[in-house]
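The values are calculated or read from the model by the stated rules, or taken from the named source; none is laboratory data. Computed from a predicted structure; not experimentally measured. Here the Cβ positions follow ideal geometry from the backbone for every residue, glycine too, while neighbour counts run over all protein chains shown. Accessible surface areas use protein heavy atoms only, side chains included; no ligands, DNA or RNA. Shrake-Rupley method; radii C 1.70, N 1.55, O 1.52, S 1.80 Å.
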Amino acid sequence: MFMSRQPVLESCLLQRLHVRTRYRMLSRFTSPPAQLQVLPSVTRCWGARVYSCLGPRRSFAPPPSSPLTPFLPARSISSRVKYPTLTMLSPPRSPCPKSKVLVLGSGNFGSCLADHLGDSEHQVYLWSRKQEFVDYFNAHHRNPDYLKDHEFSGNIHAVGPDIPDADFIKDMDVILFAIPTQALRENLIKLRPNLILDRQPLLIFVNKGIETDTQALTLEIIADTCGPEIATRATFISGPSFAKEIVRRQPTSVSVASLDESQAQRATEIFHQPWFRCYTGGDPIGLELAGALKNVYAIAAGMADGLGFESNTRAAIITRGLAEMTRIGTAYGASPLTFLGLAGVGDLFMTCSSPTSRNYTVGYRLGKGEKLEDIIATLGSVAEGVTTAKGLKKIIDELGVEAAIATGIYEVLYEGKAVNDNVHELMARPPSRELDLPQTSGGGHAGRLLAKLGRQT
Ligand SMILES: NC(=O)C1=CN([C@@H]2O[C@H](COP(=O)(O)OP(=O)(O)OC[C@H]3O[C@@H](n4cnc5c(N)ncnc54)[C@H](O)[C@@H]3O)[C@@H](O)[C@H]2O)C=CC1
Ligand SMILES: O=C(CO)COP(=O)(O)O
(Lines give C-alpha, C1' and ligand atoms only; values in the text may rest on other atoms or scores of the structure.)
(Ligands and ions follow the chains in the order given, each with its own letter.)
Protein backbone atom coordinates (compact mmCIF):
# COMPACT_ATOMS: atom_id res chain seq x y z
CA MET A 1 0.00 0.00 0.00
CA PHE A 2 2.60 2.56 1.02
CA MET A 3 5.53 0.97 -0.82
CA SER A 4 5.83 -1.53 -3.61
CA ARG A 5 6.40 -5.02 -2.33
CA GLN A 6 9.32 -6.01 -4.61
CA PRO A 7 11.78 -3.34 -3.38
CA VAL A 8 10.66 -4.09 0.13
CA LEU A 9 11.54 -7.76 -0.27
CA GLU A 10 14.90 -6.92 -1.86
CA SER A 11 15.87 -4.47 0.80
CA CYS A 12 14.65 -6.90 3.42
CA LEU A 13 17.02 -9.57 2.16
CA LEU A 14 19.85 -7.09 2.67
CA GLN A 15 18.58 -6.02 6.04
CA ARG A 16 17.69 -9.42 7.35
CA LEU A 17 20.97 -10.18 9.03
CA HIS A 18 21.18 -6.64 10.32
CA VAL A 19 17.70 -6.75 11.82
CA ARG A 20 18.33 -10.11 13.46
CA THR A 21 21.64 -8.94 14.90
CA ARG A 22 19.96 -5.92 16.35
CA TYR A 23 17.22 -8.10 17.83
CA ARG A 24 19.86 -10.04 19.69
CA MET A 25 21.37 -6.81 20.97
CA LEU A 26 18.13 -5.76 22.56
CA SER A 27 18.29 -6.96 26.11
CA ARG A 28 14.61 -6.20 26.72
CA PHE A 29 13.53 -8.12 23.63
CA THR A 30 13.65 -11.74 24.69
CA SER A 31 11.95 -13.38 21.71
CA PRO A 32 10.43 -12.08 18.47
CA PRO A 33 6.65 -11.95 18.28
CA ALA A 34 5.20 -15.39 17.71
CA GLN A 35 3.90 -14.45 14.26
CA LEU A 36 7.40 -13.61 13.07
CA GLN A 37 8.83 -16.92 14.27
CA VAL A 38 6.45 -19.11 12.30
CA LEU A 39 6.52 -17.30 8.97
CA PRO A 40 8.85 -18.25 6.09
CA SER A 41 12.13 -16.38 6.33
CA VAL A 42 11.55 -13.71 3.63
CA THR A 43 8.08 -12.98 4.90
CA ARG A 44 9.36 -12.96 8.42
CA CYS A 45 11.95 -10.43 7.40
CA TRP A 46 9.32 -8.21 5.75
CA GLY A 47 7.21 -8.59 8.82
CA ALA A 48 10.10 -7.64 11.06
CA ARG A 49 10.70 -4.57 8.95
CA VAL A 50 7.08 -3.50 8.97
CA TYR A 51 6.81 -4.20 12.65
CA SER A 52 9.94 -2.25 13.43
CA CYS A 53 8.94 0.60 11.13
CA LEU A 54 5.53 0.89 12.70
CA GLY A 55 6.97 0.66 16.16
CA PRO A 56 5.23 -0.29 19.33
CA ARG A 57 1.87 0.99 20.37
CA ARG A 58 0.42 1.17 23.77
CA SER A 59 -2.83 -0.06 22.28
CA PHE A 60 -2.92 -2.47 19.42
CA ALA A 61 -5.56 -4.76 18.04
CA PRO A 62 -5.13 -5.42 14.31
CA PRO A 63 -8.42 -6.47 12.78
CA PRO A 64 -8.49 -10.11 11.62
CA SER A 65 -8.88 -9.05 8.00
CA SER A 66 -5.93 -6.65 7.97
CA PRO A 67 -3.31 -7.53 5.35
CA LEU A 68 -0.64 -6.71 7.91
CA THR A 69 -2.10 -9.00 10.55
CA PRO A 70 0.38 -11.83 10.00
CA PHE A 71 3.26 -9.44 10.52
CA LEU A 72 2.03 -7.68 13.57
CA PRO A 73 1.92 -8.72 17.17
CA ALA A 74 -1.44 -9.94 18.40
CA ARG A 75 -1.44 -7.14 20.94
CA SER A 76 -4.36 -6.79 23.26
CA ILE A 77 -6.19 -3.49 23.06
CA SER A 78 -5.51 -3.23 26.76
CA SER A 79 -2.43 -1.15 27.44
CA ARG A 80 -1.65 -3.38 30.40
CA VAL A 81 -0.07 -5.76 27.91
CA LYS A 82 3.39 -4.35 27.12
CA TYR A 83 5.38 -5.21 24.03
CA PRO A 84 9.09 -4.92 23.44
CA THR A 85 10.28 -1.54 22.26
CA LEU A 86 11.31 -1.80 18.64
CA THR A 87 11.15 1.88 17.69
CA MET A 88 14.89 2.02 18.15
CA LEU A 89 15.23 -0.13 15.00
CA SER A 90 13.41 2.51 12.97
CA PRO A 91 12.97 5.57 15.14
CA PRO A 92 10.56 8.34 14.29
CA ARG A 93 12.06 11.03 12.08
CA SER A 94 13.10 13.64 14.55
CA PRO A 95 10.87 16.64 14.22
CA CYS A 96 12.75 19.55 12.82
CA PRO A 97 12.49 21.67 14.86
CA LYS A 98 10.63 20.35 17.89
CA SER A 99 7.41 22.36 18.09
CA LYS A 100 4.86 23.47 20.64
CA VAL A 101 1.47 22.44 19.32
CA LEU A 102 -1.98 23.39 20.60
CA VAL A 103 -4.69 20.96 19.47
CA LEU A 104 -8.21 22.39 19.70
CA GLY A 105 -10.82 19.65 19.97
CA SER A 106 -10.32 16.52 22.02
CA GLY A 107 -12.60 14.13 20.13
CA ASN A 108 -11.49 11.11 18.13
CA PHE A 109 -9.38 12.99 15.64
CA GLY A 110 -7.98 15.77 17.83
CA SER A 111 -6.78 13.38 20.48
CA CYS A 112 -5.47 10.94 17.86
CA LEU A 113 -3.39 13.64 16.14
CA ALA A 114 -2.22 14.97 19.51
CA ASP A 115 -0.94 11.44 20.20
CA HIS A 116 0.78 11.26 16.81
CA LEU A 117 2.57 14.56 17.41
CA GLY A 118 3.39 13.69 21.02
CA ASP A 119 5.00 10.47 19.81
CA SER A 120 7.18 12.58 17.51
CA GLU A 121 8.48 14.40 20.59
CA HIS A 122 6.55 17.60 19.96
CA GLN A 123 5.23 19.31 23.07
CA VAL A 124 1.46 19.03 22.73
CA TYR A 125 -1.37 20.83 24.53
CA LEU A 126 -4.80 19.28 24.00
CA TRP A 127 -7.65 21.72 24.60
CA SER A 128 -11.08 20.60 25.71
CA ARG A 129 -14.06 22.76 26.60
CA LYS A 130 -14.86 20.33 29.42
CA GLN A 131 -13.08 20.57 32.79
CA GLU A 132 -13.80 16.87 33.51
CA PHE A 133 -11.88 15.93 30.36
CA VAL A 134 -8.88 18.06 31.33
CA ASP A 135 -8.71 16.58 34.83
CA TYR A 136 -9.23 13.00 33.69
CA PHE A 137 -6.74 13.20 30.83
CA ASN A 138 -3.98 14.72 32.93
CA ALA A 139 -4.50 12.13 35.66
CA HIS A 140 -4.75 9.03 33.45
CA HIS A 141 -3.42 9.91 30.00
CA ARG A 142 -6.58 8.48 28.50
CA ASN A 143 -9.52 10.04 26.71
CA PRO A 144 -12.68 9.33 28.75
CA ASP A 145 -14.99 9.68 25.72
CA TYR A 146 -13.19 8.42 22.59
CA LEU A 147 -10.42 5.91 21.81
CA LYS A 148 -10.97 4.87 25.41
CA ASP A 149 -8.59 1.92 25.38
CA HIS A 150 -5.63 3.90 24.17
CA GLU A 151 -2.92 5.18 26.49
CA PHE A 152 -1.83 8.55 25.10
CA SER A 153 1.64 9.99 24.66
CA GLY A 154 3.26 11.40 27.80
CA ASN A 155 4.12 14.54 25.77
CA ILE A 156 0.49 15.70 25.83
CA HIS A 157 -0.92 18.00 28.50
CA ALA A 158 -4.65 18.74 28.51
CA VAL A 159 -5.75 22.38 28.88
CA GLY A 160 -9.14 24.12 29.17
CA PRO A 161 -12.01 24.62 29.59
CA ASP A 162 -11.50 28.29 28.58
CA ILE A 163 -10.03 28.95 25.17
CA PRO A 164 -6.27 29.55 25.65
CA ASP A 165 -5.36 33.20 26.16
CA ALA A 166 -2.97 35.44 24.21
CA ASP A 167 -0.01 34.70 26.53
CA PHE A 168 -0.41 30.99 25.96
CA ILE A 169 -0.97 31.32 22.20
CA LYS A 170 2.11 33.48 21.65
CA ASP A 171 4.31 30.55 22.70
CA MET A 172 2.71 28.12 20.23
CA ASP A 173 4.34 27.17 16.93
CA VAL A 174 1.29 25.33 15.64
CA ILE A 175 -2.46 25.40 16.32
CA LEU A 176 -4.35 22.39 15.01
CA PHE A 177 -8.14 22.65 14.73
CA ALA A 178 -10.00 19.34 15.10
CA ILE A 179 -13.40 20.86 15.82
CA PRO A 180 -16.50 19.91 13.78
CA THR A 181 -17.19 22.42 10.99
CA GLN A 182 -20.47 23.72 12.45
CA ALA A 183 -18.62 24.76 15.65
CA LEU A 184 -15.54 26.24 14.00
CA ARG A 185 -16.75 29.81 13.45
CA GLU A 186 -17.70 30.40 17.11
CA ASN A 187 -14.29 29.09 18.25
CA LEU A 188 -12.34 31.16 15.72
CA ILE A 189 -14.23 34.26 16.84
CA LYS A 190 -13.14 33.55 20.43
CA LEU A 191 -9.56 32.78 19.44
CA ARG A 192 -8.93 35.63 16.98
CA PRO A 193 -8.18 38.37 19.60
CA ASN A 194 -5.48 36.06 21.02
CA LEU A 195 -3.65 35.63 17.70
CA ILE A 196 -0.80 38.07 17.13
CA LEU A 197 -0.35 38.60 13.41
CA ASP A 198 3.43 39.09 13.32
CA ARG A 199 4.01 35.96 15.37
CA GLN A 200 1.38 33.83 13.74
CA PRO A 201 1.61 30.11 14.47
CA LEU A 202 1.05 27.62 11.68
CA LEU A 203 -2.71 27.00 11.58
CA ILE A 204 -3.79 23.52 10.50
CA PHE A 205 -7.41 22.43 9.93
CA VAL A 206 -8.59 18.80 9.71
CA ASN A 207 -12.39 19.15 9.80
CA LYS A 208 -14.31 17.85 6.77
CA GLY A 209 -17.52 19.74 6.18
CA ILE A 210 -19.46 22.70 4.79
CA GLU A 211 -21.06 25.25 7.12
CA THR A 212 -24.79 24.66 6.75
CA ASP A 213 -26.19 28.19 7.06
CA THR A 214 -23.63 29.95 4.89
CA GLN A 215 -22.39 27.08 2.65
CA ALA A 216 -18.92 28.32 3.53
CA LEU A 217 -15.85 26.14 3.30
CA THR A 218 -13.42 26.35 6.22
CA LEU A 219 -11.15 28.66 4.20
CA GLU A 220 -14.01 31.15 4.00
CA ILE A 221 -14.88 30.76 7.70
CA ILE A 222 -11.24 31.61 8.50
CA ALA A 223 -11.31 34.60 6.14
CA ASP A 224 -14.54 35.89 7.72
CA THR A 225 -13.33 35.51 11.30
CA CYS A 226 -9.58 36.08 11.11
CA GLY A 227 -9.03 37.99 7.87
CA PRO A 228 -7.44 37.19 4.51
CA GLU A 229 -3.83 37.16 5.71
CA ILE A 230 -4.43 34.37 8.20
CA ALA A 231 -6.71 32.46 5.79
CA THR A 232 -4.14 32.54 2.99
CA ARG A 233 -1.59 30.83 5.22
CA ALA A 234 -4.03 28.29 6.70
CA THR A 235 -3.19 24.67 5.94
CA PHE A 236 -5.55 21.75 5.50
CA ILE A 237 -4.97 18.04 6.08
CA SER A 238 -7.38 15.50 4.60
CA GLY A 239 -7.34 11.93 3.33
CA PRO A 240 -8.19 8.36 4.34
CA SER A 241 -7.32 8.44 8.03
CA PHE A 242 -9.48 6.79 10.65
CA ALA A 243 -8.38 7.96 14.09
CA LYS A 244 -8.47 4.50 15.61
CA GLU A 245 -6.07 3.18 12.95
CA ILE A 246 -3.63 6.09 13.30
CA VAL A 247 -3.23 5.45 17.03
CA ARG A 248 -2.30 1.86 16.12
CA ARG A 249 0.27 3.16 13.66
CA GLN A 250 -1.30 1.50 10.67
CA PRO A 251 0.40 2.91 7.54
CA THR A 252 -1.58 6.02 6.61
CA SER A 253 -1.19 8.66 3.88
CA VAL A 254 -2.81 12.08 3.68
CA SER A 255 -2.95 15.19 1.50
CA VAL A 256 -1.73 18.51 2.92
CA ALA A 257 -2.66 21.72 1.08
CA SER A 258 -2.46 25.47 1.49
CA LEU A 259 -2.65 28.50 -0.79
CA ASP A 260 0.79 29.21 0.67
CA GLU A 261 2.60 25.98 -0.15
CA SER A 262 5.48 26.82 2.20
CA GLN A 263 2.97 26.44 5.05
CA ALA A 264 1.84 23.05 3.70
CA GLN A 265 5.51 22.06 3.61
CA ARG A 266 5.93 23.13 7.26
CA ALA A 267 2.90 21.05 8.25
CA THR A 268 4.31 18.07 6.36
CA GLU A 269 7.61 18.35 8.20
CA ILE A 270 5.75 18.26 11.50
CA PHE A 271 3.45 15.32 10.69
CA HIS A 272 5.47 13.11 8.34
CA GLN A 273 6.65 9.81 9.86
CA PRO A 274 7.44 6.35 8.45
CA TRP A 275 3.88 5.31 9.34
CA PHE A 276 2.21 8.60 8.34
CA ARG A 277 3.03 9.92 4.87
CA CYS A 278 2.11 13.46 3.83
CA TYR A 279 1.73 14.62 0.22
CA THR A 280 1.65 18.39 -0.30
CA GLY A 281 -0.42 20.42 -2.75
CA GLY A 282 -1.72 23.90 -3.50
CA ASP A 283 -5.47 23.35 -3.95
CA PRO A 284 -6.99 23.71 -0.47
CA ILE A 285 -10.42 24.44 -1.96
CA GLY A 286 -10.44 21.14 -3.88
CA LEU A 287 -9.04 19.30 -0.86
CA GLU A 288 -11.74 20.74 1.40
CA LEU A 289 -14.55 19.98 -1.03
CA ALA A 290 -13.29 16.42 -1.52
CA GLY A 291 -13.13 15.78 2.24
CA ALA A 292 -16.59 17.25 2.86
CA LEU A 293 -18.36 15.66 -0.10
CA LYS A 294 -17.06 12.13 0.37
CA ASN A 295 -19.01 12.03 3.65
CA VAL A 296 -22.29 12.48 1.73
CA TYR A 297 -21.43 9.60 -0.61
CA ALA A 298 -20.42 7.47 2.40
CA ILE A 299 -23.98 7.93 3.68
CA ALA A 300 -25.24 6.75 0.26
CA ALA A 301 -22.95 3.69 0.27
CA GLY A 302 -23.94 2.76 3.82
CA MET A 303 -27.60 3.17 2.90
CA ALA A 304 -27.24 0.79 -0.06
CA ASP A 305 -25.52 -1.79 2.17
CA GLY A 306 -28.22 -1.36 4.82
CA LEU A 307 -30.86 -2.04 2.19
CA GLY A 308 -29.11 -5.31 1.37
CA PHE A 309 -27.50 -4.35 -1.91
CA GLU A 310 -24.03 -5.74 -2.48
CA SER A 311 -20.75 -5.11 -4.29
CA ASN A 312 -22.09 -3.93 -7.66
CA THR A 313 -24.13 -1.21 -6.03
CA ARG A 314 -21.34 -0.02 -3.73
CA ALA A 315 -18.85 0.14 -6.62
CA ALA A 316 -21.37 2.15 -8.65
CA ILE A 317 -21.93 4.60 -5.78
CA ILE A 318 -18.19 5.09 -5.26
CA THR A 319 -17.49 5.62 -8.97
CA ARG A 320 -20.51 7.76 -9.74
CA GLY A 321 -19.90 9.61 -6.47
CA LEU A 322 -16.37 10.39 -7.64
CA ALA A 323 -17.73 11.64 -10.99
CA GLU A 324 -20.25 13.79 -9.14
CA MET A 325 -17.83 15.29 -6.63
CA THR A 326 -15.30 16.02 -9.37
CA ARG A 327 -18.02 17.74 -11.38
CA ILE A 328 -19.15 19.83 -8.41
CA GLY A 329 -15.54 20.66 -7.47
CA THR A 330 -14.63 21.68 -11.01
CA ALA A 331 -17.71 23.89 -11.33
CA TYR A 332 -16.77 25.42 -7.97
CA GLY A 333 -13.35 26.29 -9.37
CA ALA A 334 -11.16 23.55 -7.84
CA SER A 335 -8.74 21.41 -9.80
CA PRO A 336 -10.33 18.13 -11.00
CA LEU A 337 -6.99 16.43 -10.29
CA THR A 338 -7.39 16.98 -6.56
CA PHE A 339 -10.32 14.54 -6.58
CA LEU A 340 -8.00 11.80 -7.81
CA GLY A 341 -5.79 12.20 -4.76
CA LEU A 342 -5.88 10.85 -1.21
CA ALA A 343 -8.34 13.50 -0.07
CA GLY A 344 -10.62 12.58 -2.99
CA VAL A 345 -10.93 9.05 -4.24
CA GLY A 346 -8.71 7.76 -1.39
CA ASP A 347 -10.99 8.94 1.38
CA LEU A 348 -14.14 8.32 -0.69
CA PHE A 349 -13.21 4.69 -1.23
CA MET A 350 -12.34 4.17 2.43
CA THR A 351 -15.39 5.78 4.01
CA CYS A 352 -17.82 4.24 1.50
CA SER A 353 -16.57 0.76 2.30
CA SER A 354 -15.97 0.68 6.03
CA PRO A 355 -18.35 0.38 8.99
CA THR A 356 -15.70 2.30 10.97
CA SER A 357 -16.99 5.39 9.16
CA ARG A 358 -19.64 7.24 11.10
CA ASN A 359 -21.15 8.58 7.87
CA TYR A 360 -21.35 5.10 6.38
CA THR A 361 -22.95 3.97 9.66
CA VAL A 362 -25.59 6.72 9.47
CA GLY A 363 -26.48 5.54 5.96
CA TYR A 364 -26.46 1.88 6.94
CA ARG A 365 -28.82 2.46 9.83
CA LEU A 366 -31.13 4.57 7.63
CA GLY A 367 -31.11 1.67 5.15
CA LYS A 368 -32.14 -0.63 7.98
CA GLY A 369 -35.13 1.60 8.70
CA GLU A 370 -33.98 3.65 11.70
CA LYS A 371 -34.94 7.32 12.01
CA LEU A 372 -32.27 9.99 11.50
CA GLU A 373 -32.91 11.64 14.91
CA ASP A 374 -32.43 8.31 16.70
CA ILE A 375 -29.23 7.58 14.81
CA ILE A 376 -27.74 11.02 15.56
CA ALA A 377 -28.77 10.76 19.21
CA THR A 378 -26.96 7.44 19.66
CA LEU A 379 -23.98 7.77 17.30
CA GLY A 380 -21.79 9.30 20.03
CA SER A 381 -19.63 11.22 17.57
CA VAL A 382 -20.02 13.69 14.71
CA ALA A 383 -21.06 12.55 11.19
CA GLU A 384 -20.31 15.66 9.13
CA GLY A 385 -22.04 14.29 6.01
CA VAL A 386 -25.47 14.93 7.54
CA THR A 387 -24.99 18.71 7.83
CA THR A 388 -22.81 18.89 4.72
CA ALA A 389 -25.63 17.40 2.59
CA LYS A 390 -27.72 20.47 3.44
CA GLY A 391 -25.06 23.07 2.57
CA LEU A 392 -24.09 21.08 -0.49
CA LYS A 393 -27.63 21.06 -1.88
CA LYS A 394 -27.57 24.87 -2.07
CA ILE A 395 -24.15 24.82 -3.74
CA ILE A 396 -25.33 22.24 -6.31
CA ASP A 397 -28.39 24.37 -7.11
CA GLU A 398 -26.29 27.52 -7.47
CA LEU A 399 -23.74 25.83 -9.68
CA GLY A 400 -26.43 24.12 -11.74
CA VAL A 401 -24.51 20.85 -11.93
CA GLU A 402 -26.09 17.42 -12.11
CA ALA A 403 -25.52 15.59 -8.80
CA ALA A 404 -28.23 12.98 -8.44
CA ILE A 405 -26.71 10.97 -5.57
CA ALA A 406 -26.01 13.98 -3.34
CA THR A 407 -29.46 15.41 -4.13
CA GLY A 408 -31.10 12.07 -3.27
CA ILE A 409 -29.28 11.93 0.07
CA TYR A 410 -30.42 15.48 0.85
CA GLU A 411 -34.03 14.49 0.10
CA VAL A 412 -33.83 11.41 2.34
CA LEU A 413 -32.25 13.36 5.21
CA TYR A 414 -34.33 16.55 5.00
CA GLU A 415 -37.42 15.97 2.90
CA GLY A 416 -38.62 12.65 4.22
CA LYS A 417 -38.02 10.69 1.03
CA ALA A 418 -38.03 6.91 1.63
CA VAL A 419 -34.64 5.26 1.13
CA ASN A 420 -36.12 2.71 -1.27
CA ASP A 421 -37.70 5.43 -3.43
CA ASN A 422 -34.34 7.12 -3.56
CA VAL A 423 -32.70 4.03 -5.06
CA HIS A 424 -35.51 3.49 -7.55
CA GLU A 425 -35.43 7.11 -8.69
CA LEU A 426 -31.66 7.03 -9.13
CA MET A 427 -31.81 3.87 -11.22
CA ALA A 428 -34.83 4.96 -13.29
CA ARG A 429 -33.13 8.08 -14.68
CA PRO A 430 -32.58 8.06 -18.46
CA PRO A 431 -29.12 7.04 -19.70
CA SER A 432 -26.49 9.77 -19.82
CA ARG A 433 -22.89 10.35 -20.89
CA GLU A 434 -20.51 8.86 -18.36
CA LEU A 435 -17.83 11.50 -17.87
CA ASP A 436 -18.10 15.19 -18.52
CA LEU A 437 -16.53 18.13 -16.73
CA PRO A 438 -18.45 21.41 -16.61
CA GLN A 439 -17.03 24.52 -18.19
CA THR A 440 -16.10 27.12 -15.59
CA SER A 441 -16.05 30.81 -16.19
CA GLY A 442 -14.71 33.46 -13.85
CA GLY A 443 -13.31 30.81 -11.49
CA GLY A 444 -16.74 29.84 -10.11
CA HIS A 445 -17.32 30.06 -6.36
CA ALA A 446 -13.59 29.60 -5.79
CA GLY A 447 -12.95 32.78 -7.76
CA ARG A 448 -15.18 34.75 -5.41
CA LEU A 449 -13.52 33.19 -2.37
CA LEU A 450 -10.03 33.90 -3.68
CA ALA A 451 -11.03 37.48 -4.47
CA LYS A 452 -12.12 37.79 -0.82
CA LEU A 453 -8.58 36.71 0.09
CA GLY A 454 -7.11 39.32 -2.24
CA ARG A 455 -5.94 36.66 -4.70
CA GLN A 456 -6.35 36.65 -8.46
CA THR A 457 -7.72 33.48 -10.08
N1 LIG B 1 -12.46 10.60 13.45
C2 LIG B 1 -11.76 10.50 12.35
O3 LIG B 1 -11.22 9.42 12.02
C4 LIG B 1 -11.56 11.71 11.47
C5 LIG B 1 -12.26 12.89 11.66
N6 LIG B 1 -12.05 13.95 10.84
C7 LIG B 1 -12.76 15.21 11.00
O8 LIG B 1 -12.32 15.86 12.19
C9 LIG B 1 -13.38 16.65 12.74
C10 LIG B 1 -13.57 16.25 14.19
O11 LIG B 1 -13.97 14.90 14.17
P12 LIG B 1 -13.85 13.94 15.41
O13 LIG B 1 -12.78 14.36 16.34
O14 LIG B 1 -13.79 12.58 14.88
O15 LIG B 1 -15.27 14.20 16.07
P16 LIG B 1 -15.78 13.73 17.51
O17 LIG B 1 -17.24 13.73 17.47
O18 LIG B 1 -15.06 12.50 17.91
O19 LIG B 1 -15.26 14.90 18.46
C20 LIG B 1 -15.64 16.24 18.28
C21 LIG B 1 -14.97 17.06 19.35
O22 LIG B 1 -15.32 18.43 19.12
C23 LIG B 1 -15.78 18.97 20.34
N24 LIG B 1 -16.79 20.00 20.07
C25 LIG B 1 -18.05 19.83 19.61
N26 LIG B 1 -18.69 21.00 19.55
C27 LIG B 1 -17.80 21.94 19.98
C28 LIG B 1 -17.88 23.33 20.18
N29 LIG B 1 -19.00 24.01 19.92
N30 LIG B 1 -16.78 23.96 20.63
C31 LIG B 1 -15.67 23.29 20.91
N32 LIG B 1 -15.53 21.97 20.76
C33 LIG B 1 -16.59 21.30 20.31
C34 LIG B 1 -16.41 17.81 21.10
O35 LIG B 1 -16.46 18.08 22.48
C36 LIG B 1 -15.42 16.70 20.76
O37 LIG B 1 -14.32 16.73 21.62
C38 LIG B 1 -14.62 16.36 11.87
O39 LIG B 1 -14.75 17.38 10.93
C40 LIG B 1 -14.26 15.06 11.16
O41 LIG B 1 -14.91 14.95 9.91
C42 LIG B 1 -11.13 13.89 9.85
C43 LIG B 1 -10.41 12.74 9.62
C44 LIG B 1 -10.60 11.56 10.40
O1 LIG C 1 -12.97 11.17 7.41
C2 LIG C 1 -12.76 10.14 8.01
C3 LIG C 1 -11.62 9.28 7.74
O4 LIG C 1 -10.79 9.79 6.73
C5 LIG C 1 -13.70 9.69 9.06
O6 LIG C 1 -14.90 9.36 8.46
P7 LIG C 1 -16.25 9.40 9.30
O8 LIG C 1 -16.40 10.81 9.77
O9 LIG C 1 -17.30 8.95 8.35
O10 LIG C 1 -16.06 8.45 10.44
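When the solvent-accessible surface of protein heavy atoms is calculated with a 1.4 angstrom probe, in what order do ASP165, ASP173 fall, highest first?
Details: ASP165 90, ASP173 50 Å².
I get ASP165, ASP173, largest accessible area first.
Evaluating 6.51 cos²θ - 1.76 cosθ + 1.60 at θ = phi - 60° for every residue in the stretch 317-325, the Karplus couplings come out as 5, 5, 6, 6, x, 5, 4, 5, 5 Hz, glycine and proline recorded as x.
The distance from the alpha carbon centre of the stretch 246-321 to that of the stretch 389-453 is 20 Å, rounded to a whole number. Label zone (ILE196, point 7 Å along Cα-to-C-beta; backbone nitrogen cut-off 18 Å) within the stretch 155-180: 164-175.
Taking all protein chains as they are arranged and a probe of 1.4 Å, the heavy atoms of SER253 leave approximately 30 Å² accessible to solvent. When the listed pairs LYS170/LYS294; LYS208/LYS368; LYS208/LYS371 are checked against a 29 Å cut-off, the alpha-carbon distance exceeds it for LYS170/LYS294.
Suppose a student asked you for the relative contact order of the stretch 292-449, using Cα pairs under 8 Å spaced at least 6 residues apart; what percent would you report?
On the way: 214 pairs, mean separation 55.8, N = 158.
Relative contact order of the stretch 292-449: 35 percent.
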